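Scroll down for the structure; my scribbles are underneath it.
The values are calculated or read from the model by the stated rules, or taken from the named source; none is laboratory data. Bear in mind that the values here come from a model prediction, so they are computed numbers and not experimental data. Ideal geometry is used to build each Cβ from the backbone, glycine not excepted, and the neighbour counts take in all protein chains shown.
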Amino acid sequence: MELKKTAFYDKLIEAGAKMVPFAGYEMAVQFEGLVKEHHNVRENVGSFDVSHMGEFFVKGKEALNLVERITSNDATKLTPGKIQYSCMPNDQGGIVDDLLVYCISEEEYMLVVNGACLDKDWAWVNKHNTFDCTIENRSDEISLLAVQGPKAAEALQQFTDVNLSEITYYTFTHGTFCGINNILISATGYTGSGGFEIYMPNSAAHTIWDALKDAGIKPAGLGARDTLRLEMGFCLYGNDIDDTTSPLEAGLGWITKFTKDFVNSDYLAKQKEEGITRRLVAFELLDRGVPRQGYDITDAEGNKIGNVTSGTMSPSTGKAIGMGYVPKPMMKADTEIYIAVRKKLLKAKVVKLPFYKA
């Protein structure tokens, strides 16, 4: 299958990107180097092309009813200009995808889904649309830059009449950006260092990219995005959560609200009542080595108790860090676990998130 290209593709190549296949697209994994890009976002500002993300628009009298039915969080709490992190439970006890729900108006919502799950999500949302509303998939028309880092507001303010300091965490607004009207600017972040997301029509991509480049904002790739999100303990779909992991097991009980009826809510309510038997935990290696996705997690005798879902050498802390599912007795902070790396068992301990604190 031929890989798709984002509207920024030519600009990424021009900037020296190393490209890899990701979510059906050719995506930039790095430019100057993962560690350099990681530190630049933590300390300054960097820009990620994340146009592979999907955007579905739910419109109509019963738009909220559909959003409430398919998502685990309480979307009735949303007002126009607010965003909510949520997930779509499947009917087997797992997760179809995690997503962001943007409340554009009382009768219009934008669902931002993972690019790798786009077709599956689209089918799922349509399957459950028994309400008086329409769904539109505009993923191919919209480009998205995530401009992240503590200096993001300072760097971007020159391009817009919107007061960026007023866009608080998990809110958004529409405004003029680089002279282009009706650009959606939000502040959700996936790096833990603040910043904004700029949703634009594909036709505006090159204009906005060039403006950011001229302002000295350096691009960053998906490699740095992964190490940044892992330092914060943010889940990545396909690694830490998937069709087989329940939101409660993944530590997402805070976005699972049983004040309403949603897909498979009875099963999850029962799971909450009875208690989970395994949970996603964070850990740091005490021995030298680097944990990688798929490595076994064991007890001191080498018996497998789980597996690493995400792992890396953390550029900000200098520690080898990771996440993985372990049985209930091993869930507490400071519990000793082991990571099987080649033929060695490396000692690790369960820690509280986030790994990195600004």
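See the values below:
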| quantity | calculated |
| --- | --- |
| Near pairs, Cβ below 7 angstrom, 6+ apart or cross-chain, from the stretch 266-293 (free of Cβ contacts under 8 Å to residues at least 40 places away in the same chain and not assigned by TED's automatic domain parsing to the domain that holds Asn307) to any residue that is surrounded by 17 or more Cβ atoms within 10 Å (Cβ to Cβ) and assigned to a loop (DSSP other than H, G, I, E, B) | Lys272/Leu248 |
| Output for the stretch 304-352, where each listed residue is assigned to a loop (DSSP other than H, G, I, E, B), of a type outside the set (Gly, Ala, Ser) and more than 23 Å from the chain's Cα centre (by Cα) | Met331, Lys332, Asp334, Thr335, Arg342, Lys343 |
| Residue, farthest from Tyr9 (Cα to Cα), within the stretch 43-54, restricted to residues that are outside any strand (DSSP E or B) and among the polar types (S, T, N, Q) | Asn44 |
| Which numbered condition Lys270 fails, given (1) crowded, with 20+ Cβ neighbours inside 10 Å; (2) in a helix (DSSP H, G or I) | (1) |
| Within the stretch 276-303, tally of residues that are assigned to a loop (DSSP other than H, G, I, E, B) and charged (D, E, K, R) | 5 |
| Condition broken by Val67, with the remaining ones in (1) free of Cβ contacts under 8 Å to residues at least 60 places away in the same chain; (2) more than 30 Å from Glu249 (Cα to Cα); (3) not polar (S, T, N, Q) satisfied | (2) |
| Pair list, Cβ under 8 Å, 6 or more apart: the stretch 159-171 residue over 16 Å from Ala204 (Cβ atoms), other residue at pLDDT below 95 and buried (at least 18 other Cβ atoms within 10 Å of the Cβ) | Tyr169/Gly189 |
| Single residue of the stretch 338-358 satisfying the filter (in contact with a Gly (Cβ under 8 Å, 6 or more places away or on another chain) and among the aliphatic types (A, V, I, L, M)) that is surrounded by the fewest Cβ atoms within 10 Å (Cβ to Cβ) | Ala358 |
| Top-ranked residue of the stretch 12-39 - restricted to ones that are assigned to a strand (DSSP E or B) and of a type in the set (Phe, Trp, Tyr), ranked as nearest to Met313 (Cα to Cα) | Phe22 |
| Residue identified as aromatic (Phe, Trp, Tyr), surrounded by fewer than 19 Cβ atoms within 10 Å (Cβ to Cβ) and at pLDDT 95 or above among Phe131, Phe159 | Phe131 |
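For (1) under 18 Å from Ala187 (Cβ atoms); (2) of a type in the set (D, E, K, R); (3) outside any loop (DSSP other than H, G, I, E, B), each residue gets a yes or a no:
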site	(1), (2), (3)
Asp10	no, yes, yes
Val41	yes, no, yes
Phe57	no, no, yes
Leu66	no, no, yes
Gln84	yes, no, yes
Leu100	yes, no, yes
